[in-house]
Amino acid sequence: MTLHHIHWLLIILSVLDVATTVYALRNRSGVTEGNPVMAAAMGKLGITPALVILKVVALGALFYLVPVQGNEEGYWAAVAVMVAVVLNNLYAIRKTAK
């Protein structure tokens, strides 16, 4: 898998994170945002705008600032973190099912 593929994988995982977070926060009682920076941004900007803006900034910084060559492990670590975040969101949704 090339780094280009990993970039797309991170974008897809970020979209899934936004979608599952928005769904959980809007449709499940007792679910809260665990990231204090994101929670503060959501309080100021709203749930969806905060998520989208911070995801775009984070991915943009990662793609622009982290050199491609020799950093495959770092990118795979980011993929692992994003998979864990999405799975945690799905767990929260299922755990608090109506």
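Only the coordinates and a few stated rules stand behind these numbers; no lab work does. Everything numeric in this text was worked out from a predicted model, so none of it was measured. Counting neighbours? That spans all protein chains shown, and the Cβs are built from the backbone with ideal geometry, glycine included.
Any idea which residue in region 44-57 is surrounded by the most Cβ atoms within 10 Å (Cβ to Cβ), counting only those that are free of Cβ contacts under 8 Å to residues at least 12 places away in the same chain and in a helix (DSSP H, G or I)? Let's see the steps before the verdict.
At the first step, the residues of region 44-57 found to be free of Cβ contacts under 8 Å to residues at least 12 places away in the same chain are 44-46, 49, 56-57.
From the residues that got through so far, the ones that are in a helix (DSSP H, G or I) too are 44-45, 49, 56-57.
Numbers: LYS44: 8, LEU45: 14, PRO49: 12, VAL56: 12, VAL57: 10.
Per the criteria, the residue is LEU45.
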Residue list for region 59-78, restricted to those being touching a residue at least 12 places away in the same chain (Cβ under 8 Å), in a helix (DSSP H, G or I), loosely packed, with under 14 Cβ neighbours inside 10 Å and not acidic (Asp, Glu): TRP76
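Inspect all residues belonging to region 28-38 and state whether any of them is part of a helix (DSSP H, G or I) and in contact with an Asp or Glu (Cβ under 6 Å, 6 or more places away or on another chain).
Kept after step one, since they are part of a helix (DSSP H, G or I), are these residues of region 28-38: 36-38.
If we keep only those that are in contact with an Asp or Glu (Cβ under 6 Å, 6 or more places away or on another chain) as well, we get none.
Checked against the condition, which is being part of a helix (DSSP H, G or I) and in contact with an Asp or Glu (Cβ under 6 Å, 6 or more places away or on another chain), region 28-38 yields no hits at all.
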Residue check, MET82 in contact (Cβ under 8 Å) with a residue 40 or more places away in the chain and either assigned to a helix (DSSP H, G or I) or in contact with a strand residue (DSSP E or B) (Cβ under 9 Å, 6 or more places away or on another chain) (or both): yes
